[in-house]
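Before any comments, here is the structure.
The values are calculated or read from the model by the stated rules, or taken from the named source; none is laboratory data. These figures come from a predicted structure and were not determined experimentally. Every residue, glycine among them, receives a Cβ derived from its backbone with ideal geometry; neighbour counts consider all protein chains shown. Areas reflect the complete protein model, heavy atoms only, side chains present, ligands, DNA and RNA absent. Shrake-Rupley method; radii C 1.70, N 1.55, O 1.52, S 1.80 Å.
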Amino acid sequence: MNPNDSTENFAKNISMQEPIKLPGSINITGWILLIIGVLAIAISFFVDRERSSFNLLIMLMFLLSIGLGSLFLVALEYVAGAVWSTPVRRVSEFLSSSLIFLPVVAIILIFNMHDLYHWTHSEYVQSDKILSQKTPYLNYVFFIIRVAFFIGIWLLFYFLIIKNSRKQDKTGEQVLTKRNTNLSAAFIPIFALTITFASVDWMMSLEPHWYSTIFGVYYFSGTVLAALASATLIIVLLRQKGYFPVKLLQDHLYSLGALMFAFINFWAYIAFSQYMLIWYANIPEETSWMLQRWTGSWKFVSIGLIIVHFIVPYFALLSQPAKMNPKRLIIMSIWILFAHIYDLYWIIMPTYSRDGAVFGWMELVFPVALVGLIIVLFSYKLRNNNLVPIGDPKLERGINFRL
Amino acid sequence: MPDKIIPEKILYSVTGIFDHPDEIINAAEQAEKAGYKKYDINTSYPVHGMSTAMRIGPSKLSYIALVFGLSGTTLALLFMWYVSSWDYPMVIGGKPYFSLPAFIPITFEVTVLLASIMTVVAMLFIFFKLPNNSHPLHDTDYMKMVSSDRFGISIQASDPLFDEVKVKDFLQNLGAHHITPIYFDESEISVKNTVFEPKFIGFLLAVFFATAGFTYFSLNYILAWGPFNWMWNQHKLNPQKRSELFSDGFGMRMPVEGTVARGYMPYLYKGNQAAASKYMINPLLPTKEVLSMGQQKFVTFCSPCHGYLAKGDSRLRGQFPNPPSLHSEKVRNYQDGDIYHIITEGQNTMPSYAKQITREERWAIILYLRALQRSQNAKETDIK
């Protein structure tokens, strides 16, 4: 390595390379999955509208996890001044574009709110003292205003940050990094507040009597985990197939694996904190939510959540070699994405089926559409953008990153 | 650097100095390629990629962390199980004796604590060989250079491939400068563990006895001296001391025979319900205050067995022989004295409540019970 290599030459070397072309079969697979998924979703809405609404809510929250979580990871890199993640940042940027589809899903859900939320039934709310006191917050108009406001803010930051990042590919101006750092610093506290309120609105208000002040953080931990896992999956797959234009070392993989491992622990920590405080205080208005998840076959889903979301990934990623083993990372990324859907299912579905867990083809088709959407979106973004931010001044240091 | 070879000095290693981190990485790779096993690299800051260049496998330290972490988990759980569900079982917050969720935070803390402390201790004592604080490389020009801004390699004489001339050539070819042999004293390797020397142990014992003796002396004697003994001697009888005033030596006097303590009036009709029924009259009037006191005491003491409405529909039904209803003909025809007697002395399985319920409260309960009886068997006049 020649230490005199200038960043400009370096960037030119990369940009002169052929644009990355994924095999067409991937894009076609994505479209097939998406079309099959959307058709199946449409059928399932005709078959069982209520159940489909609940499943669509899971899909919305998962889409939000990936889109907003990826945007958070991008912002985190700018704010922390991280260099190791610069070569792989674009993957998160591409994934965060799924935020664009959020309004579509949200609008469908808003038309089905009556099936989802108890507090939309005005005759029920009037007879319930607690719920009638909560009406200033939990009502149609304010709910829709909040949803629109949050999605608007997220999309605003998405367009601003991504626009600067793309512009830097052409100009290579350092000031754009500075601008994005400022934007990210503004975004992170807003992100913290909006994701808390969004999780309270969409998921906690399914049980309007119940409340948990840690709920937002709980959803946040799953969000970051899902965003990290999807980015890791794509990064490692691209690296293994040789599509990555720069050489990613084990040090990069280790950083991704270590972050995932950290957030697995963080999720367990938050989930246990929520459970333990409710268990210890043993107050009826708090325990009802946990007891609901302990009735009938939900009990096994709850126990399964601990195993799927914590014990298995914890031990699979515990050792140092495991965190940089590409094969292990691919398997665990898929596993964690599954675990996040499992987690959302565990949060949302008990409200639909109170006596015990239900699982059928409807629960399967929504993730299919989601996977298809993300594949299509990603390959579209890949065709029209550089996979590596070639204008970023941190890129060279990021490529030469060593632990 | 000129070196005087002193006969009793032993060759430890041959060292070389490099100026650039890339050179030292190259040197490590070449040394590895040449087959040297016992060599070391000294740099003033961690050089990235060094462990790969030296082909150092993952550290064994993590196993120590694992073993002690798991021991911490086990110890913490065992300790809490022993303390709170075996040795002194206590219900806390209505939870079971062994309630795992409550134990997890402590288990987690102990796991982390033990793992981290023992990792540091193992690092110091096993990997750094702590009681031994001398190393041949100490106080050499080589160490001075590599601890400021140079990068050094030191190939040890104990390596099976070591040959002083060849190693010097090897370092020369790599482009090292300041190629120097390092010698050390015989005395440096024959360092004994001074912890077990009789002198040191004797010193520890002397310190121990001196500290213990001084502490004992100061707590037992000095505190009783001079200005420290204010309020020490008072004109009163101290516990465990003999009274000088009374001839039997006791400071306390026995009360006069037949003394009745306040509020402890003996019951006149012991074992004689007939007399109680005949001679005792309820001294209280059924005012609102009296009835509410009676109700409170009835609910506390009587209702667990007799039921809130005294129908014998107790909350403890099934665990004891069923208590009778207090609305029976027999109880309704009891004099107040009869009921008073039964509360005081007990009847069949019912124990005496003389200790829990004062005399006045007993009468209040009777008045409340009368009201209950009246409510279930109202007279015709009550309807109006």
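Under 20 Å from a label point 7 Å along Cα→Cβ of A:Ser273: give me every residue in region A:344-367 with its amide N that close.
A:344, A:347
Rounded to the nearest 500, what is the 222 nm mean residue ellipticity of chain A from helices alone, with -39500 (n - 2.57) per DSSP H run of 4+ residues and division by all residues?
Value at 222 nm, helices only, nearest 500: -25000 deg cm²/dmol.
Please go through the residue pairs A:Lys323/A:Lys381; A:Lys163/A:Lys381; A:Lys167/A:Lys247; B:Lys278/B:Lys330; A:Lys247/A:Lys327 and name each one whose alpha carbons sit more than 19 Å apart in this structure.
Where the Cα-Cα span goes over 19 Å, the pairs concerned are A:Lys323/A:Lys381; A:Lys167/A:Lys247.
Got a sec? Which residues of region B:44-79 lose 40 Å² or more of accessible surface with every protein chain in place, vs. that chain alone, 1.4 Å probe?
The answer is B:His48.
Could you give the distance between the Cα centres of region B:75-96 and region B:340-375, to the whole Å?
Answer, in whole Å: 41.
Dipole of the protein assembly as shown, Cα-centred, from +1 at each Lys and Arg C-beta and -1 at each Asp and Glu C-beta, to the nearest 20 debye?
1840
Would you look at the GNM of chain A, springs on alpha carbons closer than 10 Å, and say which of A:Ala229, A:Ala40, A:Ala339 moves the most?
The residue that fluctuates most here is A:Ala40.
Which residue fluctuates the most in chain A, going by a Gaussian network model with Cα springs under 10 Å, if the choices are A:Trp335, A:Trp346, A:Trp361?
It is A:Trp361.
Return the distance in nm (one decimal) between the two label points of a simple spin-label model at A:Ile36 and A:Asn265, each offset 7 Å from Cα along Cα→Cβ.
Taking the simple label geometry, A:Ile36 and A:Asn265 are separated by 4.0 nm.
Find the percent of Cα-Cα distances in chain B that exceed 39 Å, and round it to a whole number.
Of all Cα-Cα distances in chain B, 64 percent exceed 39 Å.
Report, by chain and number, residues whose modeled amide H sits under 5 Å from the one on B:Val47, excluding near sequence neighbours (fewer than 5 apart, same chain).
Here the answer is none, since no amide H 5 or more places off falls under 5 Å of that of B:Val47.
How much length is gained if the chain between B:Ser51 and B:Lys270 is pulled fully straight, taking 0.36 nm per residue apart and subtracting their Cα-Cα distance, in nm to one decimal?
69.5 nm
Sort the following peptides by mean Cβ neighbour count (other Cβ atoms within 10 Å, averaged over residues), highest first: A:107-119, A:384-396, B:282-294, B:370-382.
On the way: A:107-119: 16.8, A:384-396: 21.2, B:282-294: 14.6, B:370-382: 12.0.
Highest-to-lowest ranking by the protection proxy: A:384-396, A:107-119, B:282-294, B:370-382.
With each label point set 7 Å from Cα along the Cα-Cβ vector, what nm distance links A:Leu156 and B:Tyr82?
Inter-label distance under the simple model: 6.1 nm.
Which distance in nm do the two modelled labels at A:Asp251 and B:Ser134 give, with both placed 7 Å along the Cα-to-Cβ direction?
Roughly 4.0 nm, to one decimal.
Any idea of the accessible area per residue across region B:14-167, 1.4 Å probe, to the nearest Å²?
Accessible area per residue: 61 Å².
Taking chain B as the reference, fit the longest principal axis to its C-alpha atoms, fit the long axis of helix B:61-81 to the helix C-alpha atoms, and give the angle between the two in degrees, 0 to 90, nearest 10.
Taking the Cα atoms of chain B, the angle to B:61-81 is about 10 degrees.
Find the centroid of the Cα atoms in region B:141-184 and in region A:327-403, then give the distance between the two in whole Å.
53
Estimate the FRET efficiency between A:Val312 and B:Asp169 by the formula 1/(1 + (r/R0)^6), using the beta-carbon distance for r and 56 Å for R0, to the nearest 0.05.
0.50
If I take R0 = 25 Å and measure r between the Cβ atoms of B:Trp230 and B:Ala210 in this structure, what FRET efficiency does the formula 1/(1 + (r/R0)^6) give, to the nearest 0.05?
0.30
Rank A:Pro208, A:Gly242, A:Ile283 by how far each Cα sits towards the positive end of the charge dipole of chain A (+1 on Lys, Arg Cβ; -1 on Asp, Glu Cβ) and give me just the farthest.
The Cα lying farthest towards the positive end belongs to A:Gly242.
Compute the length gained on full extension between B:Phe200 and B:Lys379: take 0.36 nm times their separation in residues and subtract their Cα-Cα distance, giving the result in nm to one decimal.
54.6 nm
Enumerate the amide H contacts of B:Met350 below 5 Å, restricted to partners 5 or more residues apart or on another chain; note that Pro and chain-start residues carry no placed amide H.
none
Over region B:1-204, what percent of the accessible surface lies on carbon and sulfur atoms, probe 1.4 Å?
Percent of accessible area from carbon and sulfur atoms in region B:1-204: 65.
Choose one answer from A:Val217, A:Val236, A:Val175: the residue with the largest mean-square fluctuation in a GNM of chain A with alpha-carbon springs under 10 Å.
Judging by the Gaussian network model, the answer is A:Val175.
Under 17 Å between alpha carbons, and skipping anything fewer than 8 positions from B:Lys33 in its own chain: which aspartates and glutamates qualify?
Result set, ordered by chain and number: B:Asp22, B:Glu23, B:Asp159, B:Asp163, B:Asp169.
Would you mind calculating the relative contact order of region A:21-399 from Cα pairs under 8 angstrom and at least 6 residues apart, reporting the percent as a whole number?
With pairs under 8 Å counted, the relative contact order is 35 percent.
If I take R0 = 25 Å and measure r between the Cβ atoms of A:Ile303 and B:Val67 in this structure, what FRET efficiency does the formula 1/(1 + (r/R0)^6) give, to the nearest 0.05?
Efficiency for this residue pair is about 0.30.
About the Cα centre of region A:21-399, how large is the charge dipole given +1 on each Lys and Arg Cβ and -1 on each Asp and Glu Cβ? Please answer in debye to the nearest 20. Spell out each step's value before the answer.
Working: 27 positive and 19 negative charges, 298 e Å.
Result for region A:21-399 is approximately 1420 debye, rounded to the nearest 20.
Which one of A:Gln274, B:Thr300, B:Pro58 is farthest out on the positive end of the charge dipole of the protein assembly as shown, using unit charges on Cβ (Lys, Arg +1; Asp, Glu -1) and the Cα centre as origin?
B:Thr300
Enter the angle in degrees (range 0 to 90, nearest 10) between the Cα long axis of helix A:250-281 and the first principal axis of the Cα atoms of chain A, meaning the one along which they spread out most.
Computed tilt is about 20 degrees.
If one takes the accessible area of chain A alone plus chain B alone and subtracts that of the pair, with a 1.4 Å probe, what total in Å², rounded to the nearest 100, results?
Separately minus together, A and B give about 900 Å² buried.
Convert each backbone phi in region B:285-291 into a coupling constant with the Karplus relation 6.51 cos²θ - 1.76 cosθ + 1.60 (shift: θ = phi - 60°), then list the ³J(HN,Hα) values in order as whole Hz, x for Gly and Pro.
Going residue by residue, I get 9, x, 7, 4, 4, 4, 5 Hz, with x marking Gly and Pro.
Tell me which of A:Ser92, A:Met113, A:Ala148 sits at the most positive position along the dipole axis of region A:80-148, charges placed on C-beta atoms (Lys, Arg +1; Asp, Glu -1).
A:Ser92
Sketch the reach of a paramagnetic label on B:Ser44 as a point 7 Å from Cα along Cα-to-Cβ, and name the residues of region B:131-163 whose backbone nitrogen lies under 11 Å away.
B:144-151
Does the protein assembly as shown classify as rounded, prolate or oblate by the C-alpha gyration tensor (a ≥ b ≥ c root eigenvalues; a/c under 1.5 gives rounded; else a/b over b/c gives prolate, otherwise oblate)?
It is oblate, given that a/c is not under 1.5 and a/b is not larger than b/c.
On a full-extension model of 0.36 nm per residue, what is the gain between B:Lys355 and B:Met252, subtracting their alpha-carbon distance, rounded to one decimal in nm?
Answer, rounded to one decimal: 34.4 nm.
Buried by at least 50 Å² relative to the chain on its own: which residues of region A:266-291 qualify, computing accessible area with a 1.4 Å probe on protein heavy atoms?
Those are A:Phe272, A:Trp279, A:Tyr280, which lose 50 Å² or more relative to the chain on its own.
Mind jotting down the distance between the C-alpha centroids of region B:306-328 and region A:172-216, whole Å?
61
What ³J(HN,Hα) values, in whole Hz, does the Karplus curve 6.51 cos²θ - 1.76 cosθ + 1.60 give for region B:197-208 when θ = phi - 60°, with x put for Gly and Pro?
Once rounded to whole Hz, the list reads 6, x, 4, 5, 5, x, 4, 4, 4, 4, 4, 4.
Rounded to the nearest 10 degrees, what's the angle between the helix A:174-202 long axis and the longest principal axis of chain A, both from Cα atoms, 0 to 90?
Roughly 20 degrees, rounded to the nearest 10.
Cross-link candidates for B:Lys9: which aspartates and glutamates have Cα within less than 12 Å, leaving aside residues fewer than 8 places away along the same chain?
In chain and number order, the partners are B:Asp185, B:Glu186, B:Glu188.
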